[in-house]
1. Quick one: which residue in A:239, A:199, A:232, A:205 is more than 16 Å from the chain's Cα centre (by Cα), facing chain D (nearest Cβ under 9 Å), over 21 Å from residue A:125 (Cβ atoms) and charged (D, E, K, R)?
2. Can you name every residue in the range D:125-141 that is within 14 Å of chain A (Cβ to nearest Cβ) and within 30 Å of residue D:215 (Cα to Cα)?
3. I'd like to verify a number: residues in the range A:226-244 that are free of Cβ contacts under 8 Å to residues at least 24 places away in the same chain and within 21 Å of residue A:168 (Cβ to Cβ), how many?
4. Among the listed residues B:102, B:117, B:106, which satisfies the condition of being of a type in the set (Gly, Ala, Ser) and over 23 Å from residue B:28 (Cα atoms)?
5. Would you pick out the residues in the range C:47-66 that are under 19 Å from residue C:186 (Cα atoms) and assigned to a loop (DSSP other than H, G, I, E, B)?
6. Here are D:67, D:83: which of them is over 14 Å from the mean Cα position of the chain (by Cα), of a type in the set (A, V, I, L, M, F, W, C) and crowded, with 20+ Cβ neighbours inside 10 Å?
7. Restricting attention to the range D:223-243, and to residues there that are among the aliphatic types (A, V, I, L, M) and part of a loop (DSSP other than H, G, I, E, B), which single residue is farthest from residue D:191 (Cα to Cα)?
8. Go through the range A:142-155 and count every residue that is away from chain B (no Cβ under 13 Å) and in contact (Cβ under 8 Å) with a residue 60 or more places away in the chain.
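The values are calculated or read from the model by the stated rules, or taken from the named source; none is laboratory data. All values reported here derive from a predicted model rather than from experimental measurement. Don't worry about glycine lacking a Cβ; one is built from the backbone with ideal geometry, like all the others, and counts go over all protein chains shown.
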Number of protein chains: 4
Amino acid sequence: MNSSEAKIKAAVDPQILTDLVLANRILYSLGVLDSHGHVSVRDSKHPDHFFLSRSLAPALVTADDIMAYDLDANAVEGRGRGMYSERFIHSEIYRTRADVHSVVHSHSPTVIPFSISKTALKPVFHMASFMPQAVPVFEVRDTAGMTDLLIKTRELGKALARTLGGDNVALLRGHGNVVVGPDVRYAVFRAYQTEINARLQLQARALEGPLTLIAAEESANIFGGVGIPPDRAWEMWARQVKID
Amino acid sequence: MNSSEAKIKAAVDPQILTDLVLANRILYSLGVLDSHGHVSVRDSKHPDHFFLSRSLAPALVTADDIMAYDLDANAVEGRGRGMYSERFIHSEIYRTRADVHSVVHSHSPTVIPFSISKTALKPVFHMASFMPQAVPVFEVRDTAGMTDLLIKTRELGKALARTLGGDNVALLRGHGNVVVGPDVRYAVFRAYQTEINARLQLQARALEGPLTLIAAEESANIFGGVGIPPDRAWEMWARQVKID
Amino acid sequence: MNSSEAKIKAAVDPQILTDLVLANRILYSLGVLDSHGHVSVRDSKHPDHFFLSRSLAPALVTADDIMAYDLDANAVEGRGRGMYSERFIHSEIYRTRADVHSVVHSHSPTVIPFSISKTALKPVFHMASFMPQAVPVFEVRDTAGMTDLLIKTRELGKALARTLGGDNVALLRGHGNVVVGPDVRYAVFRAYQTEINARLQLQARALEGPLTLIAAEESANIFGGVGIPPDRAWEMWARQVKID
Amino acid sequence: MNSSEAKIKAAVDPQILTDLVLANRILYSLGVLDSHGHVSVRDSKHPDHFFLSRSLAPALVTADDIMAYDLDANAVEGRGRGMYSERFIHSEIYRTRADVHSVVHSHSPTVIPFSISKTALKPVFHMASFMPQAVPVFEVRDTAGMTDLLIKTRELGKALARTLGGDNVALLRGHGNVVVGPDVRYAVFRAYQTEINARLQLQARALEGPLTLIAAEESANIFGGVGIPPDRAWEMWARQVKID
């Protein structure tokens with residue numbers, strides 16, 4: 001494997017690729033990813049490259065399955081491997097958000113009801129302070145009319161990135177969400193807390209309101225607006241999942 | 001075992017029988033089937049035969065338990081083995097739907113509330129685009145009055161098949177559902193996504209509407225109306241379940 | 001162990017005691033019993049005796065823990081072993097219901113909300129046809145005023161048995177339920193289906209009514225009013241739980 | 001390790017430290033603690049000391065990770081180990097509540113919706129009789145305005161202890177709860193039952209009221225107001241969790 005991809009992978013901190021494999025397994029074990037969805041990480045040395053598995057269920061991803069992509073979502077070296085049709089979610093967010101080094105796209109189950117309703121997903125507990133005061137929803141019909149809902153082109157990726165704007169989470173109507181972070185551990189932790197927050201907000205609606213949300217000023221105070229760091233959780237999760 | 005059944009089983013692609021055993025285990029592990037319910041596959045070479053386990057909990061089914069049936073739901077070779085009393089669900093759907101090669105009947109937990117209410121189960125996310133815009137409900141009382149709710153005769157099977165019509169899913173009031181597909185992997189995948197869709201729609205009702213559903217035009221665009229293919233999930237599930 | 005209890009246990013069909021140990025493990029694995037709750041079986045040869053574990057979490061019960069009791073809830077041979085304070089639930093039901101050969105008392109989680117509300121638990125799917133059209137609720141305050149809610153005396157046991165009457169299920173307000181059957185397999189199966197029915201009915205309330213329930217005439221038709229038999233489920237459960 | 005901490009740990013009943021490690025693992029396995037939250041126990045011989053893990057996910061805590069703290073939340077011997085920033089929850093409750101020998105702080109999932117709503121968490125079943133008739137909620141804004149919600153100072157710890165008062169449970173708005181007990185087994189058992197009670201009360205709201213709660217007089221009758229003892233559950237849990 002003396003290829004371009006091999007050189008790129010050899011040049012990065014090996015911890016990044018290890019973490020990316022762990023991220024796939026962890027998000028599956030937490031129920032954020034099921035057979036579909038994916039997680040990527042930017043190549044910190046060459047920020048116009050990112051790493052993402054070949055088309056494969058996240059629970060099965062190993063280091064050998066990781067491919068390098070450029071910001072047009074082209075594989076650096078395809079070798080005939082299947083690619084996720086929605087890899088444009090990743091490329092277009094990396095293109096517009098220099099601060100983002102990891103992207104999770106999932107069908108996180110409890111965010112989907114919010115994506116099809118008029119109730120905005122909002123931060124209700126301190127672990128979800130990285131969420132905006134009202135999570136934006138990407139309605140693909142506004143961009144492209146009646147489609148198959150999949151983000152399979154650069155244009156759709158761009159439109160989604162515009163909806164995300166400077167936020168850390170956006171929902172995709174009738175589909176799932178995207179969650180971003182400054183590294184893969186943050187992105188994984190935030191994707192999990194987004195799912196938990198959705199469950200809590202949904203349950204709280206059965207109780208008497210008005211509900212007290214996490215205020216913007218409170219979010220700004222939680223680790224300087226970045227939110228609770230993932231380290232304590234990551235240490236546990238990395239021990240719990242097994243890599244074949 | 002130089003019998004009729006043995007000859008039929010020897011003649012089919014062995015992957016079909018392996019997949020049928022896996023289908024039983026997978027649907028159990030996903031919580032779609034519990035101790036009851038069953039999954040069948042049509043004999044592609046002799047479309048007037050189908051394969052179905054002897055009367056047994058799906059979690060315990062092995063290749064030896066698979067029996068061959070004709071379209072009257074008679075065992076090709078009974079040998080005194082117990083048969084599911086509701087095998088007429090399968091035979092009558094195969095009789096009227098040449099496009100169907102696999103049938104799942106389950107007590108999929110979250111579809112049952114829809115079967116007894118006035119709220120139709122509807123596709124709310126793209127993974128369930130194979131569902132009709134409103135899933136039909138079979139009310140056995142309309143056909144046969146006060147029964148034991150079980151589909152134990154050809155007539156009841158026919159009536160259920162009429163309710164299903166050309167759709168991929170129908171609910172049975174106070175009982176469960178049937179889900180069909182062009183092969184066993186599609187049928188399993190769809191049965192699972194039907195359960196997930198029911199959970200999402202139920203949760204969404206706690207939020208502010210009106211809800212945005214998957215439009216018919218969108219469904220038609222998702223893999224030509226067939227819906228998301230099962231391959232990525234099947235590869236994972238087949239590795240996760242064990243066959244004794 | 002040449003004692004009275006040993007003689008009684010030696011005289012019964014050993015399958016009965018094996019099934020009772022399995023019943024404890026199965027009900028725990030299904031989430032019907034947690035650390036509390038208990039299951040008993042009547043001595044079919046001496047119907048004024050029943051078998052019940054010493055005071056112990058059901059998940060830990062072994063054959064050695066099973067004690068014999070008479071219909072006053074006295075141990076045939078106590079030997080200083082701890083006894084469930086609520087064993088009067090069992091003794092008084094056995095005293096008044098000759099048809100009952102097994103009793104489950106549990107804190108089955110989803111029945112408790114029904115026990116404290118004005119909504120009656122009702123059969124909503126065919127697997128729960130053994131339930132009465134409206135499950136009775138035992139309000140201990142009506143019998144004994146402000147107590148600790150525990151059924152620790154013959155009188156409270158008698159009052160509970162009166163509430164149960166000829167039914168197969170009764171709820172205890174703010175506490176749990178009792179489920180009975182003609183043998184331990186039926187009792188276990190019914191206790192599980194009661195929990196499932198409660199979940200389904202609770203979910204259905206989020207949908208548009210009126211809900212269609214299982215009619216009395218339908219229940220009467222399901223296996224002659226006895227309901228779906230437990231065999232298929234028991235065969236699976238018995239393989240899944242381990243006995244140390 | 002001939003240090004102050006080592007001497008303190010050597011002097012206490014070793015069962016206390018074993019139980020504290022078990023408590024961490026048990027609360028994780030029950031879903032009361034996830035990657036965050038913590039449980040402490042008072043040094044019964046020197047009631048101005050308490051034991052608490054270094055900053056670590058509860059699922060990973062071993063005996064070596066346990067540190068001794070004084071009532072100012074200072075480590076007796078820090079040795080550079082990370083400390084939970086919210087250890088003041090523990091120190092200030094121990095300072096004001098001589099009867100309390102163990103404190104759990106968790107993000108117990110189902111209590112959080114109550115913490116942000118106008119509906120008080122109330123005891124709905126007998127296992128939760130240790131809860132006050134309406135669980136108090138600590139609103140950190142009342143004490144300190146817009147913060148990061150974390151109890152990182154003596155003042156915030158004191159304010160929380162004031163909200164707890166003489167009760168066994170208090171919620172923290174948008175954050176979680178604290179649960180206390182006369183020993184670590186009671187605290188663990190109560191933390192678990194608090195979570196279960198929250199689930200039951202939330203479900204009951206979907207049914208017709210008014211709901212019948214556990215009356216104060218009933219709570220007073222349940223084991224003299226202390227509530228159901230934890231022994232039966234603890235015996236089971238201690239066998240189920242593994243300590244590396």
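1. Just a single option satisfies the conditions, and that option is A:239.
2. D:134, D:135, D:137, D:138, D:139, D:140
3. Number satisfying all stated conditions: 1.
4. Checking each option against the conditions leaves just B:117.
5. C:47
6. Testing whether each residue is over 14 Å from the mean Cα position of the chain (by Cα), of a type in the set (A, V, I, L, M, F, W, C) and crowded, with 20+ Cβ neighbours inside 10 Å leaves just D:67.
7. Ranking the qualifying residues of the range D:223-243, first place goes to D:243.
8. From the range A:142-155, those away from chain B (no Cβ under 13 Å) are A:143, A:153-155; that's our starting set.
Restricting the remaining residues to those that are in contact (Cβ under 8 Å) with a residue 60 or more places away in the chain gives A:153-154.
So the answer is 2.
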